[in-house]
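A.B. asks: There's a structure below that I have some questions on.
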Amino acid sequence: MLGIFLDTETNGLNPQKHVLLEIALKILNVESGEELDQLERIVCPTLEEWERSEPSSLDVNGFTYKELKKGLRHEQLREQLIELFTTWNLIRGASVFICQNPSFDRAFFSQIVNPDLQESLLWPYHWLDLASMFWIAGIQKGKHQQGEFPWVTGFSKDKIAAACRLPPEAKPHRAMNGVNHLILCYQTIVGFPAR
C-alpha cells in the first residue's frame, strides 16, 4: 500500500473563491516508510484570482505574485499529476491520500484534477487525516493514563507535534515543509510497521 502524503498552500480558505498556489506530495510505502517519489510545484493564478487573495493566508505562506508568475498553469500541473499517478499505479485499493486536513486539501486538489477525471482514472478516494489518527492514539493513552486526551492537547498539526515532543512545522508555511512535517508526525503516531 502506498501513501500519498500531500499538502497544499492557497490564497484563502474558500475553494469557491480562492485557488491553489502550491502543492507538494511524497509517495511512501506505508509498511516500510520508503520514499518512492515526490512532487513540488507552484501554480500561477490569474491576476483576477490573485486579487481575490485573503491577506491572512498570504501572511502564512509568504507567496508573492511575482514568485507565482513562474509557476505552472492548471493544465500543466494536471498532466504532471496524471503522469506521476500513472507511473506509480496510484489507484484505489493500492494507495490512499494522507493529509493534515483532507477536506481542505481535497477541495483545492479537485480544482486541478476534477472529481470526474479522478474517478475515471480510478484514483484513490480515501483521504485519511492525521488529526483523527492522533485522536484515536490520544484516547487510548488517556484511557490508560499514559498521556493527555486530544481535546486537552489540541489537534492542529503543530499542537500534535508538541504533544509528540516534535518541533513545529518550518516557516513560512510551504507545501513541502507541510509534507515533511506531516510524515514526521505520522511516523511518531502511527509508524511504519516494517521498520
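The values are calculated or read from the model by the stated rules, or taken from the named source; none is laboratory data. Bear in mind that the values here come from a model prediction, so they are computed numbers and not experimental data. Note: ideal-geometry Cβ built from the backbone for every residue, glycine included; neighbour counts use all protein chains shown.
A.B. asks: Checking Glu119 against (1) assigned by TED's automatic domain parsing to the domain that holds Trp50; (2) part of a helix (DSSP H, G or I); (3) more than 26 Å from Asn29 (Cβ to Cβ), which single condition isn't satisfied?
C.D. replies: Going through (1) assigned by TED's automatic domain parsing to the domain that holds Trp50; (2) part of a helix (DSSP H, G or I); (3) more than 26 Å from Asn29 (Cβ to Cβ) one by one, Glu119 breaks only (3).
A.B. asks: Of everything in region 91-116, what is exposed (fewer than 15 other Cβ atoms within 10 Å of the Cβ) and either assigned to a loop (DSSP other than H, G, I, E, B) or touching a strand residue (DSSP E or B) at 6+ places or on another chain (Cβ under 6 Å) (or both)? Give them in sequence order.
C.D. replies: The answer is Ile91, Gly93, Ala94, Asn114.
A.B. asks: While we're looking at this one, here's another question. Can you give me the number of residues within region 66-78 that are surrounded by 13 or more Cβ atoms within 10 Å (Cβ to Cβ) and either in a helix (DSSP H, G or I) or aliphatic (A, V, I, L, M) (or both)?
C.D. replies: Result for region 66-78: 7.
A.B. asks: Now, a different point. Evaluate region 78-97: report whether one residue or more is at pLDDT 95 or above and closer than 14 Å to Leu21 by Cα.
C.D. replies: yes
A.B. asks: For region 146-195, which helices (runs of 4 or more DSSP H) that fit wholly inside it have 3 or more residues that are touching a Phe, Trp or Tyr at 6+ places or on another chain (Cβ under 8 Å) and not acidic (Asp, Glu)?
C.D. replies: 175-189
A.B. asks: Next up: Which of the residues belonging to region 168-195 are exposed (fewer than 15 other Cβ atoms within 10 Å of the Cβ) and within 20 Å of Leu25 (Cα to Cα)?
C.D. replies: Hits for region 168-195 are Pro168, Ala170, Lys171, Pro172, Gly191.
A.B. asks: Please give the number of the condition Ser57 fails out of (1) under 21 Å from Asp158 (Cα atoms); (2) hydroxyl-bearing (Ser, Thr, Tyr); (3) out of contact with any strand residue (DSSP E or B) (no Cβ under 8 Å at 6 or more places or on another chain).
C.D. replies: For Ser57, the failing item is (3).
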